[in-house]
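Have a look at the structure below before the remarks.
The values are calculated or read from the model by the stated rules, or taken from the named source; none is laboratory data. This one's a predicted model, so the numbers in the text were calculated from it and none came from an experiment. Glycine gets a Cβ as well: all are built from the backbone with ideal geometry, and neighbour counts include every protein chain shown.
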Amino acid sequence: MSGPTFPLEGGCLCGAVRYRIDGPVASVDYCHCRMCQKGTGTPAVAWATGPFEGFHWTKGKPRGFRSSPVGRRWFCPDCGSPLAFEGFEPEGKTMGVTLATLDGPTALRPRQHAWVGTRIPWHAIDETLPQYEDEGPASGL
């Protein structure tokens, strides 16, 4: 599978907030952690994460919520769409976007399941992908 063609663009349900990813993307994963579940209202979230410098807000002003010591979640203040997760890593800041908010959500495909220890048991997952009790290794493209 070849890598995505950058830039990738996306935005919220109502169109008030838009973003662009110029690349690169370091990992594409399903996250099953309780924070992601509560932050999105879904059993798992598909994320594409890369260096903060490759990400740009292009329209509107998202609202942020510091959900933990290691990150801030960004969402549309008008429609509430969860858009991004800004990570504060020792190696540098990262930004992850929810794959479903990409204009072309099939441009990237998750390569692993992370935090399966908190997976909701009734949620069926792709058993062919690697599963990790923690964040797992970077699943780069």
task: For the stretch 124-132, indicate whether the set of residues that are surrounded by fewer than 19 Cβ atoms within 10 Å (Cβ to Cβ) and either under 26 Å from CYS14 (Cα atoms) or under 15 Å from the mean Cα position of the chain (by Cα) (or both) is non-empty.
output: no
- request: Working only within the stretch 46-72, note down all residues that are farther than 23 Å from PHE6 by Cα and part of a strand (DSSP E or B).
  value: ARG63, GLY64, PHE65, ARG66, SER67, SER68, GLY71, ARG72
query: If you take the residues in the stretch 1-16 that are closer than 19 Å to THR94 by Cα and surrounded by 19 or more Cβ atoms within 10 Å (Cβ to Cβ), which one is modelled with the lowest pLDDT?
result: PRO4
task: Only residues that are part of a strand (DSSP E or B), among the hydrophobic types (A, V, I, L, M, F, W, C) and in contact (Cβ under 8 Å) with a residue 60 or more places away in the chain: list them for the stretch 2-45, please.
output: LEU8, ILE21, VAL28, CYS31
